[in-house]
1. Could you check the range 1-71 for strands (runs of 3 or more DSSP E) lying wholly inside it with 1 or more residues that are at pLDDT 85 or above and farther than 20 Å from C94 by Cβ?
2. Provide a single number: the residues in the range 79-113 that are loosely packed, with under 14 Cβ neighbours inside 10 Å and in contact (Cβ under 8 Å) with a residue 24 or more places away in the chain.
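The values are calculated or read from the model by the stated rules, or taken from the named source; none is laboratory data. Since the model is a prediction, treat every value here as computed from it, not as a measurement. For neighbour counting, all protein chains shown are included, and Cβ atoms are generated from backbone atoms with ideal geometry for every residue, glycine included.
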Amino acid sequence: MNILFRLGVLCIAVAVCHGACFRKLNEVVFKDGKLEEPVCTDVYDGSKHPVGDSWNTAHCIGCNCYTDRMECCTRYGGVAHVQGCVAVVDKTTCKYKFYKEANPSEPCFEEGQEPFK
C-alpha cells in the first residue's frame, strides 16, 4: 500500500511539473449543405489554423490542430519556485527567469546559469 501511495504522489508531481494543457473541440460547420473542412481558432488572437498545423501563441502556449479538436499546452513547465526568488515567464524564450524577492530588478542567477542541474 505504501508503494502505491508513493507512486501516486510521484505521478501527480510529474503531471504538475510539466505545465498545463487544454483541449477545445472544433465546431462542425455546414455551408450550402456541405460539411466544411474544420479549422482551429486560436483562443488568444482569433487566428484560424488548418488541420495539421502547429503554432505557438504570444502567451508561450504551443497548439496543435486536429480534425476534431485543438490541443494546447504551456511551453514553460517545470519547477517555478526557488527560495528567495520570484519566477517570471520570459515571453521571448518561454522559460522561467528568476528575480530576487527583495529586489525584483536583480536576477537570482547570472546569464546562462541554470537554477537546477
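1. Working: elements: 21-25, 39-41, 48-50, 54-56, 61-65.
Filter on the range 1-71 gives 21-25, 39-41, 48-50.
2. 3
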